[in-house]
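Notes follow the structure.
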Amino acid sequence: MAEKRAAKRPYPAPGYHVEELDGEILLFNMSSQKILHTNQTGALVWKLCNGERTAEEIARLLQAAYPDAAAQIGAEVPLILDSFAAEGALAWR
Amino acid sequence: MTTPDKKTDQLSRRQALKTIAALTGATALSALPGRWSSPVLKTGALPVHAQTSPNTLVIANFRYSTGQPPTGEIPTEPVTITVDYTDSAGAVTTGSSMRLVIDTSGDAAPSYPQTIDDANPTITGDGFTGTVSSTVNLELATGDFSVTVTVTNTNGLTSNSLMGTVPAQ
């Protein structure tokens with residue numbers, strides 16, 4: 001699933017109210033009464049999702065910024081994107 | 001000593017960090033995580049009081065009216081308690097309830113306090129503003145009654161408590 005989505009462009013799903021605190025993010029969805037919390041790196045991934053960059057491009061950019069963790073990022077970015085999408089917080093185009 | 005490849009990597013990394021900072025709205029590179037850690041996503045449900053924003057149910061303007069006392073072994077007096085409500089959710093409609101906690105220091109004190117839950121109070125208005133009323137029977141000539149009122153709307157939200165006095169008749 002993650003590999004198939006590498007070329008797709010994730011973007012924030014509507015309906016979420018975003019609050020940022022110390023680099024971490026809280027996402028509130030009033031209609032589903034759901035709250036999501038992600039740490040600093042999850043927040044970075046979230047913010048890079050603008051519907052223009054592919055999931056692969058997001059991972060590459062982060063790998064360039066954190067080369068020591070390149071392999072880890074390559075594995076984790078698709079997972080966190082899928083997690084956001086599974087919670088309805090991200091959509092794909 | 002820095003090798004050319006290492007220098008290229010550093011420039012590339014700096015450029016990537018600057019790009020990320022610009023894209024994510026970070027005001028400085030120092031605002032970005034210094035090192036990568038596994039992204040974590042936790043989920044939960046909004047607490048009830050935060051499920052609509054804002055969500056307030058306020059009652060005010062306690063008042064009462066008395067009815068015709070019935071005759072009987074223990075004389076009582078029907079008293080209708082009325083309050084005004086303001087509900088941001090517009091949920092004070094059929095299915096809302098009114099709670100009255102009645103107390104007295106008069107002759108009937110041993111029988112009190114009493115809690116009366118009216119599951120079908122008289123409601124006027126549009127759900128956002130209006131009045132809620134409930135009629136209870138109070139024993140006569142026992143001294144003043146204190147009545148503490150709360151209203152719960154159809155979302156389960158309970159109002160502030162409002163206290164009023166019904167004088168002895």
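Relative contact order of the range A:3-87, taken over Cα pairs closer than 8 Å and 6 or more residues apart, is 28 percent. Taking only the Cα atoms of the range A:3-87, the radius of gyration and Dmax are 12.8, 40 Å. Eigen-decomposition of the gyration tensor built on the alpha-carbon atoms of the range B:88-169 gives equivalent ellipsoid semi-axes of 27, 11, 10 angstrom, largest listed first. Mean per-residue shielding of peptide A:35-44 is 6, counting Cβ atoms of other chains within 10 Å of each Cβ. Entry for the range A:44-85 at q = 0.28, 0.32, 0.35 Å⁻¹: log10 I(q)/I(0) = -1.01, -1.23, -1.34, Debye formula applied to identical alpha-carbon scatterers, no solvent contribution. Residue separation of B:Arg14 and B:Val40 scaled by 0.36 nm, minus their Cα-Cα distance, works out to 6.9 nm of gained length. Residues of the range A:49-69 that lose at least 50 Å² of accessible area (1.4 Å probe, protein heavy atoms only) when the other protein chains are present, relative to their chain alone, are A:Leu61, A:Ala65, A:Tyr66.
The values are calculated or read from the model by the stated rules, or taken from the named source; none is laboratory data. Keep in mind it's a predicted model, so treat the numbers as computed, not measured. Cβ atoms come from the backbone with ideal geometry, glycine included; neighbour counts cover every protein chain shown. Just the protein is used for accessible areas: all its heavy atoms, side chains included, with ligands, DNA and RNA removed. Shrake-Rupley method; radii C 1.70, N 1.55, O 1.52, S 1.80 Å.
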